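Comments concern the structure below.
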Amino acid sequence: MVRSRGLAVAHAGELNVYWQESQVDQQAKTPRRMIDVVYNIDCRSLPVDHAWALSHAVIAALPWLPEDPCSGVHTIHVAESGNGWMRPEAPDALLYLSRRTRLVLRVPAERLNDARQLCDQTLDVAGNRLAVGEADERSLSDSTTIFSRYVLSDEIGTEQQFLQAVHACLGTMAIKPSKMLCGIEHGLRTPEGLLPARSLMLADLTSDESLRLQEQGLGPRRHLGCGLFIPHKGVRELHPVLE
């Protein structure tokens, strides 16, 4: 167990986890201004590392998107495995999308009609055809366990340094997480170079903290899907490993 500035970071195998006792949940009181717009898509495949290509294509069609720093483009995710198939790791390897796969944008609620302008457009994402269909509005979840696949930080460094930097950043947002779990470092390719990022799970937030963080995001590059949080099942199954 490593303690630094009041943080407790437990090491269990390759896991690096910030962990405190649960706090009492509170009902969300702040009016919500952000929503997710969920599009049906027709796309056979995309490369594993498609964040920049997808962002570039979406912003070309919706040039107003970067104007709001909280707006973003979720990367497209597929199941880790199924029918003998395992998700590849190489950045240029292809992910094969199913008919249930969706494209999701996070935008201000008042931009819903503007976001619908993406419907019926065909995007070129790294040479892959992505046809956009109808869109539905989805409210942000009040789940107290949320997850981001990519979070950028000035102190990406070690897992401990990353968690400390995240904890400090959350503190400026009046968010006090009791449980944090980060993943291994990954790089996102962009024309300006490789951006180091880690996945991040936060648990036992209050509903208000969860919704506030989903609306504001964490760190830069929301248009690349970084710092965008979604609901997660939870981390309680990991507790025995950490004891």
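The values are calculated or read from the model by the stated rules, or taken from the named source; none is laboratory data. Small disclaimer: the values here were computed from a predicted structure and weren't measured. Using ideal geometry, Cβ is built from the backbone for each residue, glycine included, and neighbour counts are taken over all protein chains shown. Calculation scope for accessible area: heavy atoms of the full protein, side chains included, ligands and nucleic acids excluded. Shrake-Rupley method; radii C 1.70, N 1.55, O 1.52, S 1.80 Å.
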>> How large is log10 of I(q)/I(0) for the range 96-198 at q = 0.22, 0.23 Å⁻¹ when the intensity is taken from the Debye formula with one equal scatterer per alpha-carbon?
In response: -1.19, -1.21
> Under a plain spin-label model, where a point goes 7 Å from the Cα along Cα-to-Cβ, how far apart in nm are residue 98 and residue 161?
Replying inline: 4.0 nm
> Would you list 106, 116, 44, 111 from the most to the least accessible area, probe 1.4 Å?
Replying inline: 44, 116, 111, 106
> Share of the range 122-169's accessible area from carbon and sulfur, percent, 1.4 Å?
Replying inline: 40 percent
> What whole-number value in Å² describes the accessible area per residue of the range 162-221 for a 1.4 Å probe?
Replying inline: 35 Å²
> Of the peptides 54-67, 207-220, how do they stack up when ordered by the mean number of other Cβ atoms within 10 Å, highest first?
Replying inline: 207-220, 54-67
> Taking the Cβ of residue 214 as the center, what net charge do the other residues with Cβ under 10 Å away carry, scoring Lys and Arg +1 and Asp and Glu -1?
Replying inline: -1
> Taking H as built 1.01 Å from N, whose amide H comes closer than 5 Å to the amide H of residue 41, not counting residues under 5 places away?
Replying inline: 103, 133
> How long is the gain from residue 194 to residue 44 if the chain were fully straight, where each residue apart is worth 0.36 nm and the alpha carbon distance is subtracted?
Replying inline: 51.4 nm
> In whole Å, what three semi-axes, largest first, describe the equivalent ellipsoid of the range 104-164 built from its Cα gyration tensor (square root of 5 times each eigenvalue)?
Replying inline: 31, 19, 10
